[in-house]
Amino acid sequence: MHILPLFPALGLGGAFLVSLLGRRSKKFCDIFTNVITCALFGLSLYSLCILKSQTSPLVYKVGGWIPPIGISLVLDGLSSFMLIIVNFVAFMITLYSVNYMEKFTAKFKFYTLFLLMLAGMNGVIVTGDIFNLFVFLEIASVASYALVAYGVEAEELEASFKYLIMSSVASLFILLGIAFLYSYASTLNMADIAVVLSEKGLNNAMLFASILFIVGFSLKAAIVPFHAWLPDAHPSAPAPISACLSGIFIKALGVYTLCRLFYNVFGANPALLNLFMGLGAVSIVVGALLALGQVDFKRLLAYSSINQIGYIILGLGLGTPLGILGALFHLFNHSVFKSLLFLNSGAVEYTVGTRNIRDMGGLREKMPVTSSTSLIASMSISGIPPFNGFFSKLIIILACIHAGHVVYSFWAILGSILTLAYFMKLQKNVFFGNLPERYNNVREVPFFMKTAMVMLAIACIVGGFMVLPKVKKYILSPAQNVLTHGLDYKNINEIGVK
Amino acid sequence: MNYNSPHKGMTLIVKTITRITVGLILLYGIYITLHGHVSPGGGFAGGVIIALSFIHLMLAFGKEEALRRLPKPLVSLFESLGAILFFTIAILGFVGGYFFLDWLNKGEPFKLFSAGSILLSNIAIAIKVSFGLFGIFLVLVLLKFTPKK
Amino acid sequence: MITYFLCLVLFAVGLYAVLRKRNLIKIIIGIVICEYAVNLFLVLFGYRMNNRSPIYDPDQVITKMVDPLPQALVLTSIVIGLATTALVVGIAIRIYEKYGTFDITKIRKLRG
C-alpha cells in the first residue's frame with residue numbers, strides 16, 4: 001500500500017542525487033541508476049501481487065487528505081500493467097546505456113534527465129488527479145525535449161525545437177481542456193469528475209473539452225494527423241532515448257491517458273469510438289507507407305512506431321472486450337520489440353558509425369547477438385507466428401471481424417503486410433548480403449548492451465504466452481476489466497480508500 | 001578592489017547603487033519566503049526575488065565578478081540541494097504514516113512558527129528556485145556564441 | 001461571457017503566431033501568448049463577482065472568497081511555462097549558432 005508514492009518519488013529523488021553526487025564518478029552514476037530502475041521494476045511486480053490479494057483498486061491519500069480534497073494516487077489493473085511495461089523497458093535501457101553512453105561527455109546529466117522522465121511517466125500512470133497528471137506529463141515532456149537535443153548537433157536541435165513547439169501546443173490544449181472540465185465539474189479528482197459527469201450529463205462545453213483532450217493527447221501519442229514531430233524527434237535522440245521515447249513514452253503519455261480519460265472519466269460513446277477507429281486505421285496505413293521509403297535505420301523505425309500505435313488505437317476504438325484485450329497486448333508487445341529494435345539500431349550505429357541502411361550489409365557474421373535479436377524483433381513486429389506480435393495482431397483483426405468492421409480488418413491486414421515488407425528490406429540491407437570491405441574489423445558490442453538486447457528478445461518470445469488463459473488472468477485481464485467496465489472507476493473513492 | 005574598475009560591468013553610479021540595494025533585495029526575498037505561510041508570497045515568489053538580486057549583481061559588476069562570488073558548480077550544487085531538501089521533507093511524511101504528511105506541530109495560526117512543514121518546504125523551494133533561475137540565466141549568458149557563415 | 005471569448009481570441013492569436021510566423025523567436029513569443037491566454041482563462045473561471053481575494057485573515061470569516069484553486073493551478077502552470085520557455089530559448093540560441101539564421105524556412109536539414 002505504501003509503495004504507491006514511491007513510483008514517482010524514487011525517480012525524482014534519484015535524479016537529484018545523481019546530479020548532486022554523480023559529477024565525479026561515472027561508475028557511481030551507472031550503478032545508482034541501475035539500482036533505482038531495478039527497484040522500480042521490482043516494485044511494479046510487487047504492485048501486481050498486492051492487487052491480486054485485494055478485491056478492489058487501491059487509493060492512496062497523499063499527505064493523509066481524503067481524495068476529493070487532496071491528491072490521490074490510484075492503483076488498479078491498468079496502472080499496474082502499465083507500470084510493469086514502463087519500468088521493465090526503462091531497466092533494460094539503463095542497462096544498455098552503461099556502455100552506449102560512454103562516448104558522450106557528462107553522463108550524469110543523461111541519467112538525471114532520464115530519471116526525471118521516468119518519474120514523470122510513472123507519475124502519470126499512478127495519479128488519480130487530473131491536474132497532477134498534467135504536471136507529471138510536463139515533467140516527462142520537458143526532460144524528453146532536453147534528451148532529444150542531447151547531442152547538440154544541428155539536426156538534433158532542429159528536431160528538438162520542432163518537437164518542443166508541437167508538444168507544448170499539445171500541453172496547452174490539455175490545460176485548456178482541464179480548465180473547461182474544472183469549470184463544469186468543480187473538482188479535479190478524476191473519479192469525482194466521473195461521478196459529476198454521469199450525474200449532470202455532457203453538454204457542448206464538455207464536447208469541446210473532449211475534443212481538446214483528443215487533440216492534445218493524440219499529439220503526444222503521434223497518431224496520424226498529429227504525427228509530424230515523431231519521425232524527426234525519435235531518430236535524433238541517442239539510441240537508448242529513442243527506445244524509451246518510442247517504446248514507452250508515447251504510450252504512457254498518449255495512449256494510457258487517452259484510455260483513462262475516455263474510458264474511465266468521460267465514458268466511451270459510439271461517436272468517440274468511431275473516431276478512434278478511423279484515426280487508428282489512418283495511422284496504420286500512412287505510417288506503413290511512409291516507412292517503406294526510408295533509408296535511415298532509426299527513421300524507418302520511427303515511422304513504424306506510428307504504424308503500430310495505429311493498431312493499438314484501432315483495438316481500443318472497437319470497444320469490445322476482445323478488441324481492448326488485443327490493444328493492451330499489442331501495447332505490451334510493441335513496447336518490447338520496438339525498444340529492442342531501437343537498441344539494435346544503436347548497436348549498429350555504435351560499431352559501424354552510420355544510420356544509412358544502404359551503406360551497411362552482411363553484419364550478421366560480425367555481430368551475431370545484435371543480428372539474431374533484431375531478427376527476432378523484426379519477425380515479431382511483422383507478425384510471424386511463434387512470436388508475440390502475431391498473437392496481438394491476430395486478436396485485433398479477429399476482434400474487428402467479430403464486431404462487424406470488416407473494412408478495418410482489411411486495413412489492419414494490409415498494414416501488417418507492409419510492415420513485413422519494410423522489415424524485410426531492413427534485414428536484407430543491414431544484416432544479410434555482402435559485407436563491405438571497410439567493415440572487416442567490426443566487432444560485437446560490449447557486454448551490457450548485449451545483455452539488454454538478449455533480455456528484451458527473451459521477453460519477445462515469452463510475451464506470446466501472455467494470452468494463455470492461465471497467465472492472462474494475472475496480468476492482462478485485470479487491465480482489460482478496467483477498460484471494459486470503464487465507468488466503475490467513479491466508485492473507487494468509496495471502495496478504494498483504506 | 002578591482003571590481004570597481006571601470007572596464008568591467010556598468011558605470012560607477014550603477015555599482016554604488018547596486019551595492020546598497022542588492023542586500024535589501026536579498027533580504028526582501030528571504031522575508032517573502034519565511035512569511036509564505038502567513039501572508040501572500042511563498043517559496044516561489046521569494047526565490048524569484050533572491051534570484052533577481054543575484055542577476056542584479058551580475059548585470060552591474062559584470063560576469064567575472066558575479067562568477068567569482070557564485071561559481072557555476074556552486075549554483076548547481078545548491079539547486080540539487082534544494083530539490084533534495086524538499087524531497088526529504090516529503091519522505092519524512094512517512095514518519096507520520098503518509099507520503100507528504102505534515103506531522104509537525106501546527107502551532108498557533110498567524111505566528112511565524114506555525115503551519116508545520118510548510119515553512120521548511122518554502123525554504124527548500126526558495127533555494128531551488130533562486131539557484132535554478134540564476135543557473136538558467138548563467139547558462140543563457142555564458143553560452144559560447146560563434147555563429148557560422 | 002465576453003471575457004472568456006476574448007481569452008480564446010488571445011489563444012488563437014498565439015496559435016496564429018506559432019503556425020504562421022517564420023522567425024524562431026516569434027514562434028516562441030506565440031507559445032508564450034498561448035500560455036498566458038490559458039492561464040488567464042483559468043483564473044477567470046475561479047473569479048466570482050465582487051468577492052474578495054482568498055487570503056485567510058485573523059479577523060475575517062471565510063465567506064465570499066473567489067475560488068483559490070485555479071490560482072494555485074495557474075502558479076504551477078506558470079512555473080512549468082518558465083521551464084519550457086527557458087529550454088526553448090536555449091535551443092533557439094544553439095540553432096542560431098549552428099545555422100546562422102532564425103528563419104525556419106532555411107533550417108531544413110531533416111527531411112523525408
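The values are calculated or read from the model by the stated rules, or taken from the named source; none is laboratory data. Here the structure is a predicted model, which means the values were calculated and not measured. Here Cβ is always computed from backbone atoms with ideal geometry, including for glycine, and neighbour counts include all displayed protein chains.
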### Elements of type helices (runs of 4 or more DSSP H) in the range A:139-255, at least 2 residues being without any contact (Cβ under 8 Å) to a residue 12 or more places away in the chain
A:154-185, A:204-221
### Message
I'd like to know if the range A:150-170 contains one or more residues that are within 18 Å of A:Thr33 (Cα to Cα) and modelled with pLDDT of 90 or more.
### Response
no
### Message
Here are the criteria: (1) closer than 28 Å to B:Ile136 by Cβ; (2) surrounded by 17 or more Cβ atoms within 10 Å (Cβ to Cβ). Tell me which single one C:Val13 does not satisfy.
### Response
(2)
### Query
Quick one: would you say A:Ala288 is in contact (Cβ under 8 Å) with a residue 12 or more places away in the chain and surrounded by 24 or more Cβ atoms within 10 Å (Cβ to Cβ)?
yes
### Filter result for A:Leu426 (in the same structural domain as A:Gly353 (by TED's automatic domain parsing) and closer than 30 Å to A:Pro321 by Cβ)
no
### Subset tally (residues that are under 28 Å from A:Leu147 (Cβ atoms) and either crowded, with 24+ Cβ neighbours inside 10 Å or not aliphatic (A, V, I, L, M) (or both)) for the range A:63-72
0
### Query
Restricting attention to the range B:117-132, does a residue exist that is farther than 27 Å from A:Ser72 by Cβ, over 13 Å from the mean Cα position of the chain (by Cα), crowded, with 18+ Cβ neighbours inside 10 Å and away from chain A (no Cβ under 12 Å)?
no
### Task
Name the single residue, out of those in the range B:27-80 being polar (S, T, N, Q) and within 11 Å of the chain's Cα centre (by Cα), that is farthest from the other protein chains (Cβ to nearest Cβ).
B:Ser53
### Query
Is it the case that some residue within the range B:96-110 is away from chain A (no Cβ under 14 Å), crowded, with 21+ Cβ neighbours inside 10 Å, without any contact (Cβ under 8 Å) to a residue 24 or more places away in the chain and over 23 Å from A:Ala15 (Cβ atoms)?
no
### Task
Within the range A:11-57, track down each residue that is farther than 20 Å from A:Tyr96 by Cβ and surrounded by 17 or more Cβ atoms within 10 Å (Cβ to Cβ).
A:Leu12, A:Gly13, A:Phe16, A:Leu17, A:Ser19, A:Leu20, A:Arg23, A:Leu43, A:Ser47, A:Leu48, A:Leu51, A:Pro57
#### Entry: Test set (1) closer than 24 Å to B:Gly135 by Cα; (2) of a type outside the set (Asp, Glu); (3) touching a residue at least 12 places away in the same chain (Cβ under 8 Å); (4) surrounded by fewer than 17 Cβ atoms within 10 Å (Cβ to Cβ) - B:Thr33 fails condition number
(4)
### Complete set of residues in the range A:275-325 that are part of a loop (DSSP other than H, G, I, E, B) and out of contact with any Phe, Trp or Tyr (no Cβ under 7 Å at 6 or more places or on another chain)
A:Gly293, A:Val295, A:Gly319, A:Thr320
#### Entry: Neighbours by Cβ (under 7 Å, 6+ apart or cross-chain): first from the range A:470-498, under 20 Å from A:Glu199 (Cα atoms); second charged (D, E, K, R)
A:Asn493/A:Asp192
### Query
Are any residues in the range C:71-112 within 18 Å of the chain's Cα centre (by Cα) and facing chain A (nearest Cβ under 7 Å), and if so, which ones?
C:Leu73, C:Thr76, C:Ser77, C:Ile80, C:Ala83, C:Thr84, C:Leu87, C:Val88
### Query
Just to be sure, is A:Asn269 under 21 Å from A:Met206 (Cβ atoms), within 21 Å of the chain's Cα centre (by Cα) and modelled with pLDDT under 90?
no
### Unmet criterion (only one of (1) buried (at least 18 other Cβ atoms within 10 Å of the Cβ); (2) more than 10 Å from chain A (Cβ to nearest Cβ)) for C:Tyr47
(1)
### Query
Do any helices (runs of 4 or more DSSP H) entirely within the range A:357-454 hold 1 or more residues that are of a type in the set (Lys, Arg), and if so, which?
A:363-366, A:388-402, A:406-430
### Task
Name every residue in the range B:81-95 that is more than 8 Å from chain A (Cβ to nearest Cβ), closer than 16 Å to A:His2 by Cα and surrounded by 15 or more Cβ atoms within 10 Å (Cβ to Cβ), in order of residue number.
B:Leu92
### Task
Please state which of the following conditions A:Tyr60 fails to meet, knowing it meets all the rest: (1) surrounded by fewer than 22 Cβ atoms within 10 Å (Cβ to Cβ); (2) more than 24 Å from the chain's Cα centre (by Cα); (3) closer than 30 Å to A:Ala194 by Cβ.
(1)
### Query
So which residues in the range A:195-223 are surrounded by fewer than 22 Cβ atoms within 10 Å (Cβ to Cβ) and within 20 Å of A:Val286 (Cβ to Cβ)?
A:Ile214, A:Val215
## Note on the structure
Condition set within 14 Å of chain B (Cβ to nearest Cβ) and in a loop (DSSP other than H, G, I, E, B), scope the range A:1-45, selection farthest from B:Gly135 (Cα to Cα): answer is A:Met1
### Message
Exactly one condition in (1) free of Cβ contacts under 8 Å to residues at least 24 places away in the same chain; (2) not in a loop (DSSP other than H, G, I, E, B) is false for A:Ala459; which is it?
### Response
(1)
### Message
Could you check the range A:231-247 and list, in sequence order, the residues that are of a type outside the set (Asp, Glu) and more than 13 Å from the chain's Cα centre (by Cα)?
### Response
A:Pro231, A:Ala233, A:Pro235, A:Ser236, A:Ala237, A:Pro238, A:Ala239, A:Pro240
